[in-house]
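Undergrad: My questions all concern the structure below.
The values are calculated or read from the model by the stated rules, or taken from the named source; none is laboratory data. Treat the numbers as computed from the prediction; the structure is a model and nothing was measured. Here the Cβ is made from the backbone with ideal geometry for all residues, glycine too, and neighbour counts use every protein chain on show. These area figures cover heavy atoms from the full protein model, side chains too; ligands, DNA and RNA do not enter into them. Shrake-Rupley method; radii C 1.70, N 1.55, O 1.52, S 1.80 Å.
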Amino acid sequence: MPWPRPIVFGNWKMHGLRSEARTLAGAVAAHPGRRTGTLGVFPPFTVLAEVAGQLEGSGITVGGQDCHAELKGAFTGSISAAMLKDAGATAVLVGHSERRHGLGESDGLIRAKAAAGLAAGLVVVLCIGETEAERAAGQTVAVLNGQLTEGWPAGASAERLIVAYEPVWAIGTGRTATIADIVESHDAIGGRLATLAPEGEAMAILYGGSVKAENAAEIMAAPGVAGVLVGGASLDAAGFWAIYQAGGGA
Ligand code: PEP
């Protein structure tokens, strides 16, 4: 098992001035624990190097929230996977719904970003998920299959790629998918992963979408759920740790 369970990743999104990020990272790292699972944070680019330095030796993964598809070049305002690595990141999120749907990123672009992340030596967290309309139309499994197949980078392995299932309608809304829906989607994702990579069945699949301390235990106890990707609730260190502990992390 390349990733000790539970895997609990915090996406700080566009939150964290330097002083706030320092305080939050310090509070996450200060919690006594043996790190029996996998804990990680994904801070904004501007504080990434500082947070990575602060968390060095803590056993906590630090990742970027996105990267450009090219490793360098004339792409004003963009950040490459190599730059993330240089700043101390070991992982990168690609395909987050706030970029797919908020910024119109296509599966092809996401595949190129994932490939760039792998090429730079980062672990890629590939985010996928259906919209509310797609779910209502009974298209959830087809959408997930399509996003996986079209967004799949060559050379992905269980050690270097983690999938995060995040229904778009559950992100930042306070609504979570039912356990039955989560299990059904994770099952479908697992089935498709088995066809995409020789190690597909061993790949970790996280759930994301309004996870908090109160619902984390039930979600992480569901079959096929290796952990969670947490947005809003990861901005509070005590709540974030409570989620990790709810999944059996210590
Ligand atoms: C996310 O940003 O990936 C996420 C799941 O957000 P939230 O937990 O706030 O729904």
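Undergrad: With every protein chain left in place, what is the accessible area of GLU218 in Å² (1.4 Å probe, nearest 10)?
TA: The value for GLU218 is about 120 Å².
Undergrad: May I ask which residue of GLY108, VAL92, SER80 lies farthest towards the positive end of the charge dipole of the stretch 79-133, with charges of +1 (Lys, Arg) and -1 (Asp, Glu) on Cβ and the Cα centre as origin?
TA: Selected residue: SER80.
Undergrad: How big is the dipole moment of the chain about its Cα centre under a simple scheme where the beta carbon of each Lys and Arg is +1, that of each Asp and Glu is -1, and everything else is neutral? Debye, nearest 20, please.
TA: Details: 17 positive and 23 negative charges, 109 e Å.
Once rounded to the nearest 20, the dipole reads 520 debye.
Undergrad: Hey, can you rank 51-59, 239-247, 225-233, 71-79 by average C-beta count inside 10 Å, highest first?
TA: Working: 51-59: 16.8, 239-247: 22.2, 225-233: 24.4, 71-79: 10.2.
Ranked by mean Cβ neighbours within 10 Å, highest first: 225-233, 239-247, 51-59, 71-79.
Undergrad: Any idea what the dipole of the stretch 1-111 comes to, in debye rounded to 20, about its Cα centre with Lys/Arg Cβ at +1 and Asp/Glu Cβ at -1? Could the numbers behind the result be given before it?
TA: On the way: 11 positive and 9 negative charges, 61 e Å.
Dipole magnitude for the stretch 1-111 comes out near 300 debye.
Undergrad: Hey, another quick one. If you average 1/r across every pair of different Cα atoms in the chain and take the reciprocal, what Kirkwood value do you get, in Å? Let's see the in-between values first.
TA: Working: mean 1/r = 0.0563 Å⁻¹.
The Cα-based Kirkwood calculation yields 17.8 Å.
Undergrad: Sort the following peptides by mean Cβ neighbour count (other Cβ atoms within 10 Å, averaged over residues), highest first: 144-157, 82-95, 13-26.
TA: Values: 144-157: 17.6, 82-95: 21.9, 13-26: 15.7.
Ranked from most to least packed, the peptides come out as 82-95, 144-157, 13-26.
Undergrad: Cβ neighbours within 10 Å, averaged per peptide: list 36-46, 194-204 in order, most packed at the top.
TA: Numbers: 36-46: 21.4, 194-204: 15.9.
Order by mean packing, descending: 36-46, 194-204.
Undergrad: Using only Cα atoms, what is the ratio of the radius of gyration of the stretch 1-122 to 2.2 N^0.38 Å? Don't jump to the answer; show the numbers that get you there.
TA: Values: Rg = 14.5 Å, N = 122, 2.2 N^0.38 = 13.7 Å.
Here the answer is 1.06, to two decimals.
Undergrad: Here's something else I'd like to know. With the calculation restricted to Cα positions, what are the radius of gyration and Dmax of the stretch 140-249 in angstrom?
TA: 13.9, 39
Undergrad: What's the percent breakdown of Cα-Cα distances in the stretch 201-246 across 5 Å bins, shortest bin first?
TA: With 5 Å bins starting at 0, P(r) equals 5, 25, 34, 22, 9, 4, 1.
Undergrad: So which lysines can LYS72 reach, going by Cα to Cα under 30 Å and dropping same-chain residues fewer than 8 places off?
TA: LYS13, LYS85, LYS113
Undergrad: Would you rank ASP187, ASP107 by solvent-accessible area, highest first, keeping every protein chain in place and using a 1.4 Å probe?
TA: Numbers: ASP187 115, ASP107 40 Å².
Ranking ASP187, ASP107 by accessible area, largest first, yields ASP187, ASP107.
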